[in-house]
Structures are given as C-alpha cells and as structure tokens.
1. Among the residues of segment 10-27, are any surrounded by 12 or more Cβ atoms within 10 Å (Cβ to Cβ), more than 30 Å from residue 95 (Cα to Cα) and at pLDDT 95 or above?
2. Give the residues of segment 27-49 that are assigned to a helix (DSSP H, G or I) and under 13 Å from residue 99 (Cβ atoms), sorted by residue number.
3. Which one of these is without any contact (Cβ under 8 Å) to a residue 12 or more places away in the chain, touching a helix residue (DSSP H, G or I) at 6+ places or on another chain (Cβ under 8 Å) and assigned to a helix (DSSP H, G or I): 65, 55?
4. Condition check: in a helix (DSSP H, G or I), under 15 Å from the mean Cα position of the chain (by Cα) and at pLDDT 95 or above. Does residue 85 satisfy that?
5. Name, by its number, the condition in (1) over 23 Å from the mean Cα position of the chain (by Cα); (2) in contact (Cβ under 8 Å) with a residue 24 or more places away in the chain that does not hold for residue 32.
6. As an exercise: evaluate residue 49 against (1) at pLDDT 95 or above; (2) within 19 Å of residue 89 (Cβ to Cβ); (3) surrounded by 10 or more Cβ atoms within 10 Å (Cβ to Cβ) and give the number of the one condition it does not meet.
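The values are calculated or read from the model by the stated rules, or taken from the named source; none is laboratory data. All values derive from a computational prediction rather than experimental measurement. Cβ sites come from the backbone with ideal geometry, for glycine too, and all protein chains shown count toward neighbours.
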C-alpha cells in the first residue's frame, strides 16, 4: 500500500525534524566543549565560576533573537538557563579539580 501525499509530506517533515534535533544536540556538545575550555582558562586565571555580566549579555541576545524570530521569550530564556546551568556543571568540575 503506497503512502498518500499527506503521509509522505509528514514523513519528510519528521525526518527533517529529526535532523534538526540531532544538530541541536551536536551544537550543545560543542557548546559544552567550549564551556570546558573556558573553565580551564578561568582556573588558570583564578576567576570565579559565574560572571553575571556575561550571562545577562547572553540573555539580552536571546531575548532579541526570540523577538526577531517570533519565538516565546520564555522558551528562549528557559533554554538559555538550561545551557548555562550545564556549562556551569562542566566548569565547576574543572575549577574544583584545579583546587585539589
């Protein structure tokens, strides 16, 4: 039994959704790798884990991008909060290791 045009379109859209989702995960991995490198530099310079100025700058950028794309600011900032918290976990491990 062959697929109808609507079913084919749905399959194509779901395949594209899966590709985009994988790309998001890959970009998250890249971001966490960069967070680790930043943590190493912070450890070498004796800098603290958190930098509120940097976080607020990212938050402003995300809010602006959400507005441009017509996305919910709540969604964008919630996603940013997840990314920042995961980055802090990576950096926290590096900074604690540097103190041992």
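1. Taking segment 10-27 as the starting set, the residues that turn out to be surrounded by 12 or more Cβ atoms within 10 Å (Cβ to Cβ) are 10.
Next cut, more than 30 Å from residue 95 (Cα to Cα) only: 10.
Next, only the ones that are at pLDDT 95 or above stay: 10.
Yes, segment 10-27 contains a residue that is surrounded by 12 or more Cβ atoms within 10 Å (Cβ to Cβ), more than 30 Å from residue 95 (Cα to Cα) and at pLDDT 95 or above.
2. Within segment 27-49, the subset assigned to a helix (DSSP H, G or I) is 27-45.
Answer for segment 27-49, where residues must be assigned to a helix (DSSP H, G or I) and under 13 Å from residue 99 (Cβ atoms): 39, 42, 43, 44.
3. On inspection, the qualifying residue turns out to be 65.
4. Values: in a helix (DSSP H, G or I): yes; under 15 Å from the mean Cα position of the chain (by Cα): yes; at pLDDT 95 or above: yes.
Judged against the criteria, residue 85 is a match.
5. (1)
6. Single failed check for residue 49: (1).
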